[in-house]
Structure formats: structure tokens, C-alpha cells
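Engineer: Sharing a structure here in C-alpha cells format.
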Amino acid sequence: MIFSNRTEAGRLLARKLKRYAGADAVVLGVPRGGVPVAGAVAADLGLPLDLVMVKKIGHPHQPEYAIGAVSLSDRIIVPHDEVSSEYIEERTVAIREKMAGQYQYWRGDKPAPTLQGKIVIVVDDGIATGNTLMAAVKLLRKQMPAKIVIAAPVSSEQAASQLAAMADDLVTVYIPPHFRGVGAWYEQFEQLSDEDVRQYLAAFEKGSLS
């Protein structure tokens, strides 16, 4: 199965999420590529749209290896004897400052949504390893939502299995038997800029998404 673009993929995903239409819920897109998918989902379900801001903290000697993750207001850390608390604090501050700047650029002065007691639907354009979304689930739990739903048009089998065990609901359109990377399942899979995200969110607020 090949999706034409992220918007089409989002509309197909929305059909799988119809049970949440009109619920006390919020759709959170994973920047950058997850935002157009999330926008299509939110528009079709009649739900508000915002962003989930989560970044990993890499190991000082192996940056690709995550030792924790940071959101705008919280963090999770897996203790490592060889990693100092000073390093963790330094990376937390640096990552959070960058994320806060991005969020303000994308959303202006609009405050982050209150998630307590709400159904939170986290949407990305695809799931390869699932590491970012697994960190997002752990951090979102701290805000006491009623339910966490992870949704994406396409996912690897391994990531889907892991996320299904962590989230309250996992929704996908397609789980291929041989996963080749997220972009392989789209005809159009352009890289989005910060300005693209900003314009897309503004268009959603105006109800003028194409």
C-alpha cells in the first residue's frame, strides 16, 4: 500500500479513528512530518490540533543511544553510572530551550493544551523504531490523560507491537510484512521546514486546509 501524500494518509487514518470523533480529545502531531497527517485527522474528527514536543537525551559517548527524553515540562531518565547528573541537566536545559523556541515559533503565544482527563491522540507520518513515540507515551502519562492513542498510517511490526503494549490504543492503516522506512510508503514525502509547520498550523486554525 502506497499513500499519495501525508494529507491522504491522514484522511485514511481518520477513518480508523472515527470512534473518537467529537470526544473530549486532542490530536497531537509529531513535528515535523506528523503535522500534516495529524491535521487531516483532527479536521475529519472535529478535534483540536496541537503538537507533542519530545526529544531524546543522547548518551555522551554514543549520541544515538537514548538515555532519556525531555518534554517542555518534564523528563524521563534511565540512570547510567557513567553519565553525570551535570551532563543530564545541561542537555535537559539545552534541549528544552530549543523546543520552547520552536513551539513559540510554530504556535505563537498559544499555551500548550491541558491534557489531564482527555483522550490524547498522538499522530506521526509513520513509525520505524518507535523510540520517540515510546518516550512520548511515558512523558504524556505524567499529565494524567484519560487515554493515550498512538496513530500512524504505517508502522513496522516491531514498533507496533511495542507501542501497543505501552499505549491504550494503537491505530494504523498498514503494517507491511517488510518495513523499508517511512518514506518508502509515500509517493510524495518531502521534508518539511519550520515555516511549513507554522503555515500548516495557521491554515488549520483558519479552517482552510486543502
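Bear in mind these aren't lab numbers, they're just calculated from the coordinates by the rules spelled out. As the structure is a computational prediction, the values presented were derived from the model and not from experiment. So basically every Cβ, Gly included, is an ideal-geometry build from the backbone, and we count neighbours across all protein chains shown.
Engineer: In what sequence do Met134, Met99 fall when counting other Cβ within 10 Å, fewest first?
Structural biologist: Lowest to highest Cβ neighbour count: Met99, Met134.
Engineer: So for the pair Ser85, Glu157, with labels modelled 7 Å out along Cα→Cβ, what separation do we get in nm?
Structural biologist: Each label point lies 7 Å from its Cα, and together they span 4.5 nm.
Engineer: Can you bin the chain into rounded, prolate or oblate? Criterion: square roots of the alpha carbon gyration tensor eigenvalues sorted a ≥ b ≥ c, rounded for a/c under 1.5, prolate for a/b above b/c, oblate for the rest.
Structural biologist: Values: a/c = 1.55, a/b = 1.32, b/c = 1.18.
Judged from the Cα gyration tensor, the chain comes out prolate (a/c at least 1.5, a/b above b/c).
Engineer: Average the reciprocal distances over every distinct pair of alpha-carbons in the range 55-107, invert the result, and give the Kirkwood radius in Å.
Structural biologist: 11.5
Engineer: Something else now. Can you list residues from other chains, or at least 5 along the same chain, whose modelled amide H is less than 5 Å from the amide H of Asp169?
Structural biologist: Those qualifying (amide H under 5 Å, at least 5 residues apart or on another chain) are Ile148, Ile150.
Engineer: Could you state the angle between the C-alpha long axis of helix 6-16 and the longest principal axis of the C-alpha atoms of the chain, as a value from 0 to 90 degrees rounded to the nearest 10?
Structural biologist: Once rounded, the angle reads 80 degrees.
Engineer: Give the Rg (one decimal place) followed by the Dmax (whole number) of the range 116-172, computed from C-alpha coordinates and expressed in Å.
Structural biologist: Every Cα atom of the range 116-172 included, Rg and Dmax give 10.4, 30 Å.
Engineer: So how strong a dipole does the chain carry about its Cα centre when Lys and Arg Cβ are +1 and Asp and Glu Cβ are -1, to the nearest 20 debye?
Structural biologist: 600
Engineer: Give me the angle, in degrees from 0 to 90, between the Cα long axis of helix 194-206 and the longest principal axis of the Cα atoms of the chain, rounded to the nearest 10.
Structural biologist: Once rounded, the angle reads 50 degrees.
Engineer: Further question: At 4 °C and a viscosity of 1.567 mPa s, what translational diffusion coefficient does Stokes-Einstein give for the range 142-202, taking Rh as the Kirkwood radius over Cα pairs? Give it in µm²/s as a whole number.
Structural biologist: 94
Engineer: Can you put Ser155, Ser71, Ser85 in order, fewest other beta carbons within 10 Å first?
Structural biologist: Fewest-to-most Cβ neighbours within 10 Å comes out as Ser85, Ser71, Ser155.
Engineer: Here's another thing I want to ask about it. Angle, helix 85-107 long axis vs. longest principal axis of the chain, Cα atoms, 0 to 90°, nearest 10?
Structural biologist: 30
Engineer: With each label point set 7 Å from Cα along the Cα-Cβ vector, what nm distance links Glu97 and Lys142?
Structural biologist: Each label point lies 7 Å from its Cα, and together they span 2.0 nm.
Engineer: Does the range 1-118 come out rounded, prolate or oblate, given a ≥ b ≥ c as the square roots of the eigenvalues of its C-alpha gyration tensor, rounded meaning a/c under 1.5 and, failing that, prolate meaning a/b above b/c?
Structural biologist: prolate
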